[in-house]
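**Q** Take a look at the following structure, please.
The values are calculated or read from the model by the stated rules, or taken from the named source; none is laboratory data. What you see is a predicted model; the values in this text were computed from it and never measured. So basically every Cβ, Gly included, is an ideal-geometry build from the backbone, and we count neighbours across all protein chains shown. With ligands, DNA and RNA removed, areas are computed over all heavy atoms of the protein, side chains included. Shrake-Rupley method; radii C 1.70, N 1.55, O 1.52, S 1.80 Å.
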Amino acid sequence: MRQPAESWLSDMDGVLIREEHAVPGATEFLARLIERGKRFLVLTNNSIFTPRDLAARLALSGLEVPEESIWTSALATATFLADQLPHGSAYVIGEAGMTTALHEVGYTLTDRNPDFVVLGETRTYSFETITKAIRLIERGARFIATNPDASGPSADGPLPATGSVAALITKATGRDPYFVGKPDPMMFRSALNRIEAHSETTVMVGDRMDTDIVAGIEAGLDTILVLTGSTKRTDIEQYPYRPGRVLESIAEAVELI
């Protein structure tokens with residue numbers, strides 16, 4: 001039997017917001033966490049934006065989340081690299097979320113003999129930067145990617161994301177990246193460390209079986225699947241694992257806090 005939940009991790013898109021609007025119940029969920037003094041983090045695989053950017057985006061949707069309560073794949077990647085090789089160097093394909101996170105842990109960004117090539121998300125992948133990454137990896141730089149998401153949404157349809165570009169680089173170099181973001185449980189372990197939480201008393205709320213739920217299970221967390229995002233109730237049976245609970249939306253989680 002699990003102990004009562006003392007800490008909460010929640011995915012952002014599909015759980016708290018959907019198409020830039022707050023999901024009904026999200027405001028009450030966050031308010032209850034604060035009211036009860038629960039430690040929590042809002043998680044996202046998006047490495048483009050800084051926590052400040054994301055806090056502003058959430059505020060426009062009507063959700064007040066402090067910067068320090070947002071954990072991105074960029075922050076998880078920077079934390080991982082700082083633990084592996086303090087004050088190292090990296091060649092980065094990405095935007096402010098990734099470069100800022102690396103600067104804050106003391107990393108030098110360079111295209112001259114970097115320790116790591118770090119691939120994150122960007123709105124415009126450049127063939128020139130991808131080519132440079134391939135050559136640096138062939139010369140010995142270790143290959144890190146923020147997350148394996150193959151595509152991302154846009155108003156005009158899917159866009160290639162980190163996982164797709166990582167596959168291109170792997171095909172050219174024969175080197176697989178180490179993915180830090182979901183579904184790798186490394187992101188959850190770093191999030192737990194961030195808020196000094198224990199897996200036995202932490203719940204993960206997500207909308208995707210193949211990222212949020214499987215990573216939560218592998219990290220030893222209790223899990224809740226909400227049906228306001230990617231995974232539908234009819235999809236659950238195709239997976240060999242099960243969430244701890246299935247709820248219609250985050251609104252039903254309020255009474256569990």
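**Q** When you look at Val42, is it buried (at least 16 other Cβ atoms within 10 Å of the Cβ), touching a residue at least 40 places away in the same chain (Cβ under 8 Å) and not small (Gly, Ala, Ser), yes or no? Steps first, answer last, please.
**A** Values: buried (at least 16 other Cβ atoms within 10 Å of the Cβ): yes; touching a residue at least 40 places away in the same chain (Cβ under 8 Å): no; not small (Gly, Ala, Ser): yes.
No.
**Q** What is the residue count in segment 126-177 for residues that are of a type in the set (Gly, Ala, Ser) and either open to solvent by less than 30 Å² (accessible area, probe 1.4 Å) or touching a residue at least 60 places away in the same chain (Cβ under 8 Å) (or both)? So that I can check it myself, show each step before the final result.
**A** Within segment 126-177, the subset of a type in the set (Gly, Ala, Ser) is 126, 133, 140-141, 145, 150-152, 154-155, 157, 161, 163-164, 166-167, 172, 174.
Then keep just the ones that are either open to solvent by less than 30 Å² (accessible area, probe 1.4 Å) or touching a residue at least 60 places away in the same chain (Cβ under 8 Å) (or both); that gives 133, 141, 145, 152, 157, 161, 163, 166.
Final tally of qualifying residues: 8.
**Q** Oh, and also: Give the residues of segment 231-244 that are of a type in the set (Ser, Thr, Tyr) and surrounded by fewer than 16 Cβ atoms within 10 Å (Cβ to Cβ), sorted by residue number. Steps first, answer last, please.
**A** We begin by selecting, within segment 231-244, every residue of a type in the set (Ser, Thr, Tyr); these are 231, 234, 239, 241.
The answer is Thr234, Tyr239, Tyr241.
**Q** Let me ask something else about it. Is at least one residue of segment 31-38 within 20 Å of the chain's Cα centre (by Cα) and either surrounded by 19 or more Cβ atoms within 10 Å (Cβ to Cβ) or closer than 23 Å to His198 by Cα (or both)? It would help to see each step written out before you state the result.
**A** Let us first name the residues in segment 31-38 that are within 20 Å of the chain's Cα centre (by Cα), namely none.
No, segment 31-38 contains no residue that is within 20 Å of the chain's Cα centre (by Cα) and either surrounded by 19 or more Cβ atoms within 10 Å (Cβ to Cβ) or closer than 23 Å to His198 by Cα (or both).
**Q** Given the condition more than 21 Å from Pro24 (Cβ to Cβ), touching a helix residue (DSSP H, G or I) at 6+ places or on another chain (Cβ under 8 Å) and in contact (Cβ under 8 Å) with a residue 60 or more places away in the chain, answer yes or no: does some residue in segment 225-234 qualify?
**A** Just the residues of segment 225-234 that are more than 21 Å from Pro24 (Cβ to Cβ), to begin with: 234.
Retained after the next criterion (residues that are touching a helix residue (DSSP H, G or I) at 6+ places or on another chain (Cβ under 8 Å)): none.
No; the residues of segment 225-234 include none that is more than 21 Å from Pro24 (Cβ to Cβ), touching a helix residue (DSSP H, G or I) at 6+ places or on another chain (Cβ under 8 Å) and in contact (Cβ under 8 Å) with a residue 60 or more places away in the chain.
**Q** OK, next. Testing Thr122 on (1) in a loop (DSSP other than H, G, I, E, B); (2) polar (S, T, N, Q); (3) touching a Ser or Thr at 6+ places or on another chain (Cβ under 8 Å), one condition comes back false. Which one is that?
**A** Of the numbered conditions (1) in a loop (DSSP other than H, G, I, E, B); (2) polar (S, T, N, Q); (3) touching a Ser or Thr at 6+ places or on another chain (Cβ under 8 Å), the odd one out for Thr122 is (3).
**Q** Now for a separate question. Could you check how many residues of segment 106-125 are under 20 Å from Asn45 (Cβ atoms) and open to solvent by 20 Å² or more (accessible area, probe 1.4 Å)? So that I can check it myself, show each step before the final result.
**A** If we filter segment 106-125 for residues that are under 20 Å from Asn45 (Cβ atoms), which is where we start, we get 116-125.
Going one step further and asking which of them are open to solvent by 20 Å² or more (accessible area, probe 1.4 Å), we end up with 121-125.
Result for segment 106-125: 5.
**Q** Mind listing whichever residues of segment 165-203 are within 21 Å of Lys132 (Cβ to Cβ) and of a type in the set (Phe, Trp, Tyr)?
**A** Tyr178, Phe179
Residue by residue, here is whether (1) closer than 21 Å to Pro148 by Cα; (2) touching a Cys at 6+ places or on another chain (Cβ under 6 Å); (3) small (Gly, Ala, Ser) holds:
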position: Ile224; (1), (2), (3): no, no, no
position: Ser230; (1), (2), (3): yes, no, yes
position: Gln238; (1), (2), (3): yes, no, no
position: Glu248; (1), (2), (3): no, no, no
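**Q** Give me the pairs, please: first residue somewhere in segment 179-196 and within 12 Å of Ala74 (Cα to Cα), second residue anywhere and crowded, with 24+ Cβ neighbours inside 10 Å and of a type in the set (D, E, K, R), beta-carbon distance under 7 Å, and either six or more positions apart or on two chains.
**A** Lys182/Asp212
**Q** Look at segment 52-73 and say how many of its residues are closer than 14 Å to Arg194 by Cα, open to solvent by less than 60 Å² (accessible area, probe 1.4 Å) and part of a helix (DSSP H, G or I).
**A** 2
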